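The values are calculated or read from the model by the stated rules, or taken from the named source; none is laboratory data. Being a predicted model, the structure only gives us computed values, none of them experimental. Cβ atoms come from the backbone with ideal geometry, glycine included; neighbour counts cover every protein chain shown.
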Amino acid sequence: GAGVSQSPSNKVTEKGKDVELRCDPISGHTALYWYRQSLGQGLEFLIYFQGNSAPDKSGLPSDRFSAERTGGSVSTLTIQRTQQEDSAVYLCASTYDRFTGELFFGEGSRLTVL
Amino acid sequence: GESVGLHLPTLSVQEGDNSIINCAYSNSASDYFIWYKQESGKGPQFIIDIRSNMDKRQGQRVTVLLNKTVKHLSLQIAATQPGDSAVYFCAENRDGSGNTGKLIFGQGTTLQVKP
């Protein structure tokens, strides 16, 4: 069946520009997560959605980062006024509820800020 | 400080041998641990999990051991195959709200399988 789909797979942008990253979770999964993975590093939690609500945004590194989820499905992560330190792979994951750590990850969106 | 970390950045094993990947954690409040496998260019893939009320759990060719006394977690892979070559991450959950998917990941160990 279809897994978690993320787009774009690669994005190169100039410093100061805004970017939007999209995530299509597995159908029926109510929980959705965004993580960030810097080069050669582990994953860093950004934000969690349950349905369309985001009860935990504690990992967003600054107010330049925002995310939304609509229809209990698609999520968009927006980074405004991108900086070079935002360069990373942004991974989206979904799962059936908030009581499991078995997350289903997409392949990620690689963001490069020049 | 608090951390979830791995003892070795790279582990090289011969095909057919058993592999053991280790992980240390420092927060005794953590009660749920997971191992993920990440192949190059892909997202992490769930392998196995264990809760703090257990000390061992087995899956297909994999076993996770948890030693709460010394805050140590290990992943054992039996009869390692070339397809096991990847980066392995341990992760822990210490979120009191029951948001079990909010994970703290270690830095990862690269497993290289020699034919």
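The table below gives the values:
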| item | result |
| --- | --- |
| Members of the range B:80-110 found to be farther than 16 Å from B:Val62 by Cα, acidic (Asp, Glu) and under 16 Å from the mean Cα position of the chain (by Cα), listed by number | B:Glu92 |
| Condition check for B:Asn53: within 8 Å of another protein chain (Cβ to nearest Cβ) and either under 13 Å from the mean Cα position of the chain (by Cα) or closer than 30 Å to A:Ile47 by Cβ (or both) | no |
| Checking A:Pro55 against (1) closer than 22 Å to B:Gly106 by Cα; (2) at pLDDT below 95; (3) facing chain B (nearest Cβ under 8 Å), the condition it does not meet | (1) |
| Checking B:Gly101 against (1) without any contact (Cβ under 8 Å) to a residue 60 or more places away in the chain; (2) under 17 Å from A:Thr95 (Cβ atoms); (3) out of contact with any Ser or Thr (no Cβ under 7 Å at 6 or more places or on another chain), the condition it does not meet | (3) |
| Meets criteria (under 30 Å from B:Thr109 (Cα atoms), free of Cβ contacts under 8 Å to residues at least 60 places away in the same chain, touching a strand residue (DSSP E or B) at 6+ places or on another chain (Cβ under 7 Å) and among the charged types (D, E, K, R)) for A:Arg36 | yes |
| Lone qualifier among A:Leu77, A:Leu46, A:Leu32, A:Leu39 - being within 14 Å of chain B (Cβ to nearest Cβ) and more than 25 Å from B:Ile48 (Cβ to Cβ) | A:Leu39 |
| Complete set of residues in the range B:83-98 that are at pLDDT below 95, touching a Ser or Thr at 6+ places or on another chain (Cβ under 8 Å) and more than 10 Å from chain A (Cβ to nearest Cβ) | B:Arg94 |
| Matching entry among B:Gly59, B:Gly43 (being in contact with a Gly (Cβ under 8 Å, 6 or more places away or on another chain), without any contact (Cβ under 8 Å) to a residue 40 or more places away in the chain and within 14 Å of another protein chain (Cβ to nearest Cβ)) | B:Gly43 |
| Search result, residues across the range A:60-83 that are exposed (fewer than 14 other Cβ atoms within 10 Å of the Cβ) and of a type in the set (Gly, Ala, Ser) | A:Ser62, A:Gly71 |
| Considering residues of the range B:62-80 that are loosely packed, with under 14 Cβ neighbours inside 10 Å and not hydrophobic (A, V, I, L, M, F, W, C) only, the residue farthest from the other protein chains (Cβ to nearest Cβ) | B:Thr69 |
| Whichever residue in the range A:84-103 is within 14 Å of chain B (Cβ to nearest Cβ) and surrounded by fewer than 19 Cβ atoms within 10 Å (Cβ to Cβ) and, among such residues, is nearest to A:Gly42 (Cα to Cα) | A:Glu102 |
| Residue, farthest from the chain's Cα centre (by Cα), within the range A:1-29, restricted to residues that are under 14 Å from B:Gly43 (Cα atoms) and small (Gly, Ala, Ser) | A:Gly3 |
| Of residues in the range A:74-95 being out of contact with any strand residue (DSSP E or B) (no Cβ under 7 Å at 6 or more places or on another chain) and in contact (Cβ under 8 Å) with a residue 60 or more places away in the chain, the one farthest from B:Ser52 (Cα to Cα) | A:Arg81 |
| Residue check, A:Ser9 touching a strand residue (DSSP E or B) at 6+ places or on another chain (Cβ under 8 Å), closer than 20 Å to B:Gln38 by Cβ, more than 10 Å from chain B (Cβ to nearest Cβ) and in contact (Cβ under 8 Å) with a residue 24 or more places away in the chain | no |
